[in-house]
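A short worksheet on the structure shown next.
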Amino acid sequence: QVQLVESGGGLVQPGGSLRLSCAASGSIFSRYVMGWYRQAPGNQRALVARIRSGGSTNYADSVKGRFTISRDDANNTLYLQMNSLKPEDTAVYYCNAGLGFVNYWGQGTQVTVSS
């Protein structure tokens, strides 16, 4: 069992930055594929970025070059550094931990990009 708690969301102006964190409890954090997803009103939840246990990453095309995902396995924490934020980045951001057919989700944190 893994519990995930996101933090770091908020209101930011276009062009600004935010850093999201996801604290994980439970065992074997380092074995999980960790990811950030987001869901805007009226839209389906979609992958933003993913990082595997070996450190390889992949990103949605819309955030490449602006967002960076990282993980600290020693402290069971996942991060998402978001730079050059745009209004279309506004969404609830969710942390995900996956291992095989098992998936865990956090409760989400709101990110609003607006002037």
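The values are calculated or read from the model by the stated rules, or taken from the named source; none is laboratory data. What you see is a predicted model, and the numbers here were worked out from it, not measured in a lab. What goes into the accessible areas is simple: the full protein's heavy atoms, side chains included, and nothing from ligands, DNA or RNA. Shrake-Rupley method; radii C 1.70, N 1.55, O 1.52, S 1.80 Å.
Were the residues from Ile28 through Asp61 laid out at 0.36 nm apart, the gain over their Cα-Cα distance would be 8.9 nm. Could you please state how large a percent of the accessible area of the range 26-115 is carbon and sulfur, counting protein chains only and using a 1.4 Å probe? Percent of accessible area from carbon and sulfur atoms in the range 26-115: 47.
Relative contact order of the chain: 37 percent, from C-alpha pairs under 8 Å at least 6 residues apart in sequence.
Counting 0.36 nm for each residue step from Ser7 to Asn43 and taking away their Cα separation leaves a gain of 10.8 nm.
For the chain, the Kirkwood hydrodynamic radius from C-alpha pairs, put into Stokes-Einstein at 25 °C and a viscosity of 0.890 mPa s, yields a diffusion coefficient of 175 µm² per second.
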